[in-house]
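The values are calculated or read from the model by the stated rules, or taken from the named source; none is laboratory data. Everything numeric here is computed off the predicted structure, so don't read it as measured data. Please note: Cβ atoms are built from the backbone with ideal geometry, for glycine as well, and neighbour counts cover all protein chains shown.
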Amino acid sequence: MKYDYNQIEPKWQKYWEENQTFKASEDKSKPKYYVLDMFPYPSGAGLHVGHPLGYIASDIYTRYKRAKGFNVLHPMGFDAFGLPAEQYAIQTGQHPAITTENNIKTFKDQFNKIGFSFDWSRQVETCDPKYYKWTQWAFIKMFESWYDKEHNKARPITDLVAAFESHGNSSINASCAETKSFTGDEWKRFSEKEKQTILLNYRIAFLADTTVNWCPALGTVLANDEVKDGVSERGGHPVEQKVMRQWSLRISAYAQRLLDGLETIDWSESIKEQQRNWIGKSVGAEVAFDVKDNDLKFEIFTTRPDTMFGVTFMVLAPESDFVSKVTTEGQKAHVDAYLEIVKKKTDRDRLADVKNITGVFTGAYCVHPFTGKEIPIWIGDYVLGGYGTGAIMAVPAHDSRDYAFAKHFNIPIIEVVSGGDISEESYDAKEGKLINSGFLDGLEVKKAIAKMNDEVEKRGLGKKKTNYRLRDAIFARQRYWGEPLPVYFKDDLPYTLKMNQLPLELPEVDAYLPTEDGDPPLARAEGWEYELSTMPGFAGSSAYYIRYMDPHNEKALASKEAMDYWKDVDLYVGGSEHATGHLIYSRFWNKFLFDLGFSPVKEPFKKLVNQGMIQGRSNFVYRKKGTNTFVSAGLKDQHDTTELHVDVNIVDNDFLDMEAFKKWLPEYKDAEFITEEVDGEQKYKCTFATEKMSKSKWNVVNPDLICTRYGADTLRLYEMFLGPIEQAKPWNTNGIEGVHRFLKKFWGMFYDQEDKYLVTEDEPNAEELKVLHKTIKKASEDMENFSFNTTVSAFMIALNELPKGCHKKAILEPLTILLAPFAPHQAEELWSALGHKESVTFSSWPVFEEKYLVESTYKYPVSFNGKMRYLLDLDINMSKDEIEKAVLEHSDSQKYLDGKTIKKVIIVPKKIVNIVVG
RNA sequence: GCCCAGGUGGUGAAAUUGGUAGACACGCUAGACUUAGGAUCUAGUGCCUUUGGUGUGGAGGUUCAAGUCCUCUCCUGGGCACCA
């Protein structure tokens, strides 16, 4: 029998489906293991070969873990709410649910063709009301909770109300915007509206006037991680800052815990670092300066209190309320003019203008608390309103931005930390001794910071303070295709629905566009009396890993039993592009559920593996300008040509299939070619480049095509063979023959050309056993390290090393099990050929035995004066003297001794013999 | 500017963590076989001036021994970016 993958693969896919081979249940007799993939957004374009990389890796690991005796949960679902389906709906009027459903079907078909071992009985879709009921539920829980900084956890809002009733808010240490204090009696006298307004400030899901990223082109607000370089991540539309009343989640309350949690999980350092950056912890002090001739206190945040004596000016953010309070009559006109200019700038302009220094003097002065000197207060757009206090003390000698500002406006610069040269640039390093700083003189920076902090607190000027860059997450989009927020309004205040009213289903609308008044699309729905915004994209993906544990539960997100069994995700595989989005939101969401007792673990994803992106390998042809003649790459410089993308599917090894090219697009029907001679043949050579895989670049390779031509097993093996899983790499079909050949060879060990079954019951010999156990050892170790490319190599080496004509069952059977995670279809077929009735999935991973691998001799490199000369087979148990003797007896030794005497013999067991002569 | 990864043949990449650099595969070269298939098999393939020399981006250093450790430096990819 020929290796007929096109017949084998559908056969086993059907078998797995019919026998529900991969269905997981809470089997308490086995240890659990949870392997999760980041579920895909089902886009209309279907899968390209880059998508399955991570899924193949996780599937291989899943199958391996099953063989190792684990009860593995390996589910799949779809992140189905999102912009593309909605944009498509706007254009065509087709309901996004229909588009989404079709796309999901395509995705599932493609997945199944690759032979993934998903437990489809647990499939979830975020747009399914039965699913988003629990997204809405979590939102309501957040609405009904506040963050207690005292106990460092979320607590029910009812606790807070009870506390307010008994003693007001003075002793409450909560994450909130409210600063006004009230007593218990005052609270009781507040009207319902006043009470609710106050409570809204404390809720973890809250509605407030917030500065948001508004994207006019998309007609919606965006979260910080959805904005890159001042434009929207999707579509690249400009984004502006705007104050709007919006729903937010108080993720900032969790900043420290999100930071601490990183220490406990097995993620790559680069993702952890990205999250640390995003959270942006900085430890410093808040200090209040007196404003001259005024009762006002000018509050600033600094991480360098040690440089206090170097302050020569203060800077306010343009958007600070303080601006109007301190500006003098004389400067008012200048200040207003400046604010007008700043206001017109979008975020983008501000980013682009970083080097342009702008600012204006307010006319007011602070009084330096230690020197008593007057310090001018400026306004500058390099200070941000939303961070710290929106104001800084400027130390030009030791901060590059302050330095640039001071130079530009001719403000004095005072050096207070020695060690640098401040004539050309500031000295920002936290190293050196303090000078010109009164009581700090002579101290090292670190000690000076501590001393200044003490002094500031002693004099009541301020206190130590930690700031985080992490902002609360805007939790609303003015869009149709998302989860409705389960909220209605009474007296202009929000209230959430009761549990029995969930899910609040997405209503039908006549068009998916905003109304003429500029309200979100939900305003078009008849009789809709709820919140008009929907939830953002990250809502549905924040707790889906919990839902998989118990996906059909109608009473809870998941039952306690299911959660206590599966607990957390042991291995999470997905792209690193979610580092500051989904992976932060999900951790936050889980911590919130943990606080309320709905999640049993502090961190949801124990180990994270980020598969590298597979880029496209684009091919180009060169058209002579104004003609339909194409010039081969080697000759293109002799003509005036235009570079054009060509479909990579009609290019083989960079040589263009010219006939296929003529048929490719109608305009090339009569194309002519100027070819070049390659190996005696006239060929058309294309150039290539590595780019992102996309339709417009004609470099998309469809996995279905590979499956048809080589089989899914080859695709799986090849994608793993391409290189380390975490590395980004271009797709190149050139090497696929190699792994395909390997599969054919392995098949050939079971069947010959005439379909004769060759496997025998013969006893294997020592050499064969050695090869087998070497392979088991290598494969087992590599599997644990996710080094799948070297595992594939190990298989190939095994086949090369096995003696010709080895068809012994005792060798082939364990090899089949090793191969099964990679090439499951072929493994199943061969497994059943070996006489097994059950799926290879239920076989157990072979154990290697050291005894087959032990060698009695070891090849010792023998070196003279450090120079490697020859290899010598020595018994590993030889004594030092015996080794020395053996070396001297070797015929080459005298040659290298060259009449000199041996001074020293260094023997590193199992490593090397080094002779020092002289 | 700051932070994180990486730099090894024509190509994708290995290297038991300091011990024969380039496993495995692609490609290429030569040959065999053939009912000519995009098949299979055999041998060779880092580079050079080839009985030898040299070689892991570059320059130093530690060591009997360095792709691996240390110092400096140059590139490439990714992230953050007026965060005080």
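Odds and ends about this structure:
- Residue within segment A:384-394 that is over 30 Å from A:K332 (Cβ atoms), within 16 Å of RNA strand B (Cβ to nearest atom), polar (S, T, N, Q) and not in a strand (DSSP E or B) present: no
- Residue selected from segment A:707-726 under the condition out of contact with any Leu (no Cβ under 9 Å at 6 or more places or on another chain) and assigned to a loop (DSSP other than H, G, I, E, B), by the criterion farthest from RNA strand B (Cβ to nearest atom): A:E726
- On the stretch given as segment A:258-301, residues that are within 16 Å of RNA strand B (Cβ to nearest atom), within 13 Å of A:I377 (Cα to Cα) and part of a loop (DSSP other than H, G, I, E, B) total 0.
- When A:D657 is tested against the conditions (1) within 15 Å of RNA strand B (Cβ to nearest atom); (2) modelled with pLDDT of 90 or more, the lone failure is (2).
- For segment A:211-241, residues that are over 28 Å from A:K465 (Cα atoms) and in a strand (DSSP E or B) total 11.
- Test: A:D782 is closer than 23 Å to A:S117 by Cβ, in a helix (DSSP H, G or I), more than 10 Å from RNA strand B (Cβ to nearest atom) and of a type outside the set (F, W, Y): no
- Positions within segment A:417-429 being of a type outside the set (G, A, S) and either in contact with a His (Cβ under 7 Å, 6 or more places away or on another chain) or within 13 Å of RNA strand B (Cβ to nearest atom) (or both), in sequence order: A:V417, A:E425, A:Y427, A:D428
- Total residues in segment A:441-491, condition over 30 Å from A:P521 (Cβ atoms) and within 16 Å of RNA strand B (Cβ to nearest atom): 18
- Pair list, Cβ < 8 Å and 6+ apart or interchain, from segment A:768-785 residues that are free of Cβ contacts under 8 Å to residues at least 24 places away in the same chain to residues that are part of a helix (DSSP H, G or I) and of a type in the set (F, W, Y): A:D782/A:F788
- Across segment A:80-136, the qualifying residues are those that are of a type in the set (A, V, I, L, M) and in a helix (DSSP H, G or I), and the one among them that is nearest to the chain's Cα centre (by Cα) is A:L83.
- Residue tally, condition within 39 Å of the chain's Cα centre (by Cα) and not in a loop (DSSP other than H, G, I, E, B), over segment A:814-864: 17
Results for (1) of a type in the set (G, A, S); (2) closer than 19 Å to A:Y55 by Cβ, shown as yes or no for each residue.
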{"site": "A:I8", "(1), (2)": "no, no"}
{"site": "A:W12", "(1), (2)": "no, yes"}
{"site": "A:N19", "(1), (2)": "no, no"}
{"site": "A:A24", "(1), (2)": "yes, yes"}
{"site": "A:K28", "(1), (2)": "no, no"}
{"site": "A:P31", "(1), (2)": "no, no"}
{"site": "A:Y34", "(1), (2)": "no, yes"}
{"site": "A:P40", "(1), (2)": "no, yes"}
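- Count of residues meeting criterion [out of contact with any helix residue (DSSP H, G or I) (no Cβ under 9 Å at 6 or more places or on another chain) and touching a residue at least 12 places away in the same chain (Cβ under 8 Å)] in segment A:834-851: 0
- For A:H51: the one exception among (1) under 28 Å from A:T99 (Cα atoms); (2) modelled with pLDDT of 90 or more; (3) not acidic (D, E): (2)
- Given (1) surrounded by fewer than 14 Cβ atoms within 10 Å (Cβ to Cβ); (2) within 34 Å of the chain's Cα centre (by Cα); (3) within 8 Å of RNA strand B (Cβ to nearest atom), index of the condition A:N800 fails: (2)
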